[in-house]
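Notes follow once the structure below has been shown.
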Amino acid sequence: PKDSFPYIVDFETGFVQGTGSPYTPGVLDSGWAIDPVGGSSVYTWLVHSGSTGSSSTGPSFDNTTGGGKYMYTEASYGSAAAVANLIMPCIDITNIKVPVLEFYFHMYGSAMGELHLDAYYGGAWVSDIMPPLVGDSGDVWHKASVDLSLYKSITQLRFRAIRGSSLTSDIALDDIKIWQPPAYDAGMVKVDRPTSPSPSGTHTVKASFRNFGSEILNKLTINWEINGSSQTPY
């Protein structure tokens, strides 16, 4: 099993793009698998670069560099509710205090289907270890993060794509990473108030912060400034 972390896969090394029209799945790096294995005209995962074969769905480029490879499901094949699995190699996350999976996904299309994440744990597949991603999320790559602490063992992860009702439901993945976040790492994720500040007057400021680290934070120092002038930290 993979036991050296961070384990990062951007599909550039060890993955070979398929050829032909319809596409063939290509070659996957050691330990990776697709189900169904398929071939031409089967709804499954494919190694690809550039735009997908259909308009108004799928990415036009990868997330890593804009010119590299990614994995995707070609929804021109198969039928509604068809399932395609992308299975990662065995990983040993037993000794990682807080193992985290991060990945980028692209789900653009008016008939977009669903993306699920499963873990092999306790001798069986555990379905939906994160809330399923469902429906059109726009023509952009999005980042997802999943805490794997409940599944610390020698395990496998499975991305389970479900095809939508038509060909405009290509699903793509890129830049998959399993790692241990820093012990202490926090940052602001949203300014809640004011939404439209005026240039003068007094304003109540409300912001949301998130603990990105692996340890519990009991306090947080906030440094802030107004028009480039540093204010008293909170």
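The values are calculated or read from the model by the stated rules, or taken from the named source; none is laboratory data. Here the structure is a predicted model, which is why all the values come from computation and not from measurement. Here Cβ is always computed from backbone atoms with ideal geometry, including for glycine, and neighbour counts include all displayed protein chains. Remember, those area values only see protein heavy atoms, side chains included, never the ligands or the DNA or RNA. Shrake-Rupley method; radii C 1.70, N 1.55, O 1.52, S 1.80 Å.
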Given 85-92, 68-75, 98-105, 13-20, the highest-first ranking by average Cβ count within 10 Å works out to 68-75, 98-105, 85-92, 13-20
For LYS2, distant residues with modelled amide H under 5 Å away: CYS90, ILE91, ASP92
How much solvent-accessible surface does TRP32 expose, in Å² to the nearest 10, with a 1.4 Å probe and all protein chains in place? 20 Å²
VAL126 to THR65: extension gain in nm, 0.36 nm per residue of separation minus the Cα-Cα distance? 18.7 nm
With respect to the cross-link table entries LYS2/LYS69; LYS190/LYS219; LYS152/LYS177; LYS69/LYS190; LYS2/LYS143; LYS143/LYS206, which display a Cα-Cα separation exceeding 27 Å? LYS69/LYS190
Amide H proximity to TYR121 below 5 Å, modelled H, separation 5+ or other chain, gives VAL126
Per the 1.4 Å probe, what fraction of the accessible area of the stretch 50-157, in percent, lies on carbon and sulfur atoms? 52 percent
Extension gain LYS152-MET188, at 0.36 nm per residue separation less the Cα-Cα distance, in nm? 10.0 nm
So for each of 124-131, 202-209 I average, over its residues, the number of other beta carbons within 10 Å; can you give me the resulting order with the highest mean first? 124-131, 202-209
Per residue, accessible area of the stretch 1-74 with a 1.4 Å probe, heavy atoms of protein chains only, in Å², comes to 45 Å²
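Residues of the stretch 105-234: accessible area per residue at 1.4 Å, in Å²? Could the numbers behind the result be given before it?
Numbers: 7670 Å² over 130 residues.
It amounts to 59 Å² per residue over the stretch 105-234.
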